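Following: one structure in structure tokens, then a few remarks.
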Amino acid sequence: MSLRGEQGQASVLLVAAMAALLAGAGGLGMLARGLGAHADHQRAADLAALAGARALVDALPRLLGSAGGSQAISDRRYEELAKEVAVKTARRNGATRVKVSFAEGALPDRVTVTVDDPIGIPGGGLVSDSVRAEARLASFVTPIGDGEYPGPYAYRQGKPMRPDTALAFDRMAAAARRSGLGLTIVSGYRSNAEQAKLFAAHPDPKWVAPPGQSLHRLGTELDLGPPSAYGWLAANAKRFGFIQRYSWEAWHYGLVANPGSASVGFSPAGGGAGTVPGFVPPAYREPLRRASSRWSVGASLLAAQLQQESGFNPRSVSSAGAEGIAQFMPGTARSYGLRDPFDAPAAIDAQAHLMHDLLRRFASVPLALAAYNAGPSRVAACWCVPPIAETQAYVARIVALARGAGVGSVGGTPPVVLAR
């Protein structure tokens, strides 16, 4: 996903202040971004996006069925309620042409509001002024130490999982039924204690991960069947927020539509940045805090990575051609909308964006770091920190520094293979 556009300073301050207030009140971590120039329209879009996200949080118990049977609502009504609130808020703030959309996936976690009102120009006449703002929920980002998801649980076919995983499975299973397939759940959430028993019975780390390393502890993983559905899953699961975790396990799919826990690199509940380590130079403390909060990646992890990448030198250039404080290769910089890798605040934001994507994909700090250094395809090929001396040293140093700087559990010494 590429970075999009620029934002006005007034809008940034407004959104940051409101997001902090709402996060403290309701456990909501948001990011609202506007893509236009007109301040009044931008303010209307910003406030509408935040109000719509607030409505999603308020209606979540009704969607999950925990507010009582008579209060339950459908997926469609869940989005309609948020849309009504967003449109009403925009219009109360002077907008008339308002569009509201939601991110596709397991659980709508982003509200986008577009205001297309024209603006007058000197001498008469109107010109188009389309602005946009986005608010994102971080309601499942939970600081839980070793990564073991503590609940609440939803159950499908008797198997526990995170509620957003269950909603994603419902949508995927409905689509599979329309194709003549009935999906079955072989395994969902497993605690570390349950994993310990399983590993003791089958101590082969390629097929059964040791306790504390299994992704099933996150509540996002499903082992699915029957075998006749494997081809359909490979072709369609991504549309519903799932990816096949390991090339050698056609049945194992993990939800990546929403962020995971603090123990796998994401920032604390509510979307806060966490503590910026003392070794970060003053000039980069605020850009790091903003990027951490914006992309829900722990500030300590990002800081340790910057220290390893460049020693916080914004003019650094490696022998391989990596540039700037976050050492972006030109192709990767372009794909993340980073026009100037030597612009340190912009590079830190792009670094956090890339790490957010890698953490979602691999659900492991060591693997995400390895992918940043050696490329995602090498990591995905073995689901491991590749046996490259530079990459293994890179991961080990950052893990050690991040742990000392405040990341409670970032995966330990990187293993050669991190299986399920």
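Some points to look at:
- Restricting the range 199-224 to residues that are more than 21 Å from TYR153 (Cα to Cα) and modelled with pLDDT of 85 or more, the residue that is nearest to the chain's Cα centre (by Cα): PHE199
- Single residue of the range 352-391 satisfying the filter (charged (D, E, K, R) and at pLDDT below 85) that is surrounded by the most Cβ atoms within 10 Å (Cβ to Cβ): ARG360
- A count restricted to the range 160-186 and to residues that are in contact (Cβ under 8 Å) with a residue 60 or more places away in the chain and outside any helix (DSSP H, G or I) stands at 3.
- Across the range 95-110, the qualifying residues are those that are out of contact with any Pro (no Cβ under 7 Å at 6 or more places or on another chain) and modelled with pLDDT under 85, and the one among them that is farthest from GLY254 (Cα to Cα) is ARG110.
- Among the helices (runs of 4 or more DSSP H) confined to the range 288-393, the ones with at least 3 residues that are under 26 Å from ARG110 (Cβ atoms) are located at 299-310, 330-335, 344-362, 365-374.
- Considering only residues in the range 71-94 that are acidic (Asp, Glu) and modelled with pLDDT of 80 or more, the one that is nearest to ALA44 (Cα to Cα) turns out to be GLU84.
- With respect to the conditions (1) closer than 19 Å to TYR155 by Cα; (2) not in a loop (DSSP other than H, G, I, E, B), TYR189 lacks only one, and its number is (2).
- Scanning the range 139-154 for residues being in contact with a helix residue (DSSP H, G or I) (Cβ under 8 Å, 6 or more places away or on another chain) and either under 30 Å from ALA51 (Cα atoms) or at pLDDT 90 or above (or both) gives a total of 10.
Okay, residues lined up against (1) part of a helix (DSSP H, G or I); (2) out of contact with any strand residue (DSSP E or B) (no Cβ under 6 Å at 6 or more places or on another chain); (3) assigned by TED's automatic domain parsing to the domain that holds ALA173:
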| residue | (1), (2), (3) |
| --- | --- |
| VAL208 | no, yes, yes |
| LEU222 | no, no, yes |
| ALA229 | yes, yes, yes |
| TRP232 | yes, yes, yes |
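The values are calculated or read from the model by the stated rules, or taken from the named source; none is laboratory data. Remember, it's a predicted structure, so these values are computed and weren't measured experimentally. Every residue, glycine as well, gets a Cβ built from its backbone with ideal geometry; the counts of neighbours run over all protein chains shown.
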